[in-house]
Amino acid sequence: MNQNKNISKILYYLCLILSAGYLLTFLYSVFCLLTGFAVTPYKEDLYLHINYPFTEQPFLNIENNYSYIVLSFLMVLLTYGIFFWLSAKVFKVFFQSKLFTEENIVHLKRFYSYNIFFPLPIVIIASFFVEVESFIWGLVFIHFMLGIFCFFLANIFKQGLHLQNEQDLFI
């Protein structure tokens, strides 16, 4: 059990770092795109460099097209930032002293709801405005399967909480 706690702690911190990276990049990109700070157009204004702060070094390269910027760039940064934040919460569940709690079930529910119900509609909406590459549909499927797996896990945790509460009544 100690091995599980160690692995889940490592994954928790890794997911927190990834989430922070995605969300900070999202916020920095929105700031740059709205203000024009650290943005350099190139190739006849077809593309944009979002530069590292206070430098001329390109940090991100994007198409200069509103549909692309919103649906294929900013939406991806935001949704994966949220995904990794929710993943961190799920991994945190597994190194708690008490596994079967209402709070832990809530974290699992949020994760499975997000993975089951968000990716497909987002990609379908995006497909009307930008080209969606075929591997994206594979990612949607993977997120759906992660959601289903976590749905089962949440139900197992509900049963465990129920049994734990029954056991507490007898003691």
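Taken together, the values in this text are just the output of simple stated rules run on the coordinates, not laboratory data. From a predicted model like this one, the values you see are computed outputs, not experimental measurements.
Numbers at a glance
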{"item": "Helix axis angle, 134-170 relative to the chain longest principal axis, alpha carbon, degrees", "result": "30 degrees"}
{"item": "Extension gain, residue 94 back to residue 6 (0.36 nm per residue minus Cα-Cα distance, nm)", "result": "30.7 nm"}
{"item": "Semi-axes of the equivalent ellipsoid for segment 13-144, Cα gyration tensor, largest first, Å", "result": "32, 19, 10"}
{"item": "Expected 222 nm ellipticity per residue - DSSP helices of 4 or more, -39500 (n - 2.57), all of the chain, to 500", "result": "-23500 deg cm²/dmol"}
{"item": "Degrees, to the nearest 10: 2-35 long Cα axis against longest axis of the chain", "result": "30 degrees"}
{"item": "Degrees between helix 102-117 axis and first principal axis of the chain (Cα, 0 to 90, nearest 10)", "result": "40 degrees"}
{"item": "Convex hull volume of segment 107-148 per residue (C-alpha atoms, cubic angstrom)", "result": "50 Å³"}
{"item": "In the chain, lysine pairs with alpha-carbon atoms under 12 angstrom apart (chain gap of 8 or more, or interchain)", "result": "6"}
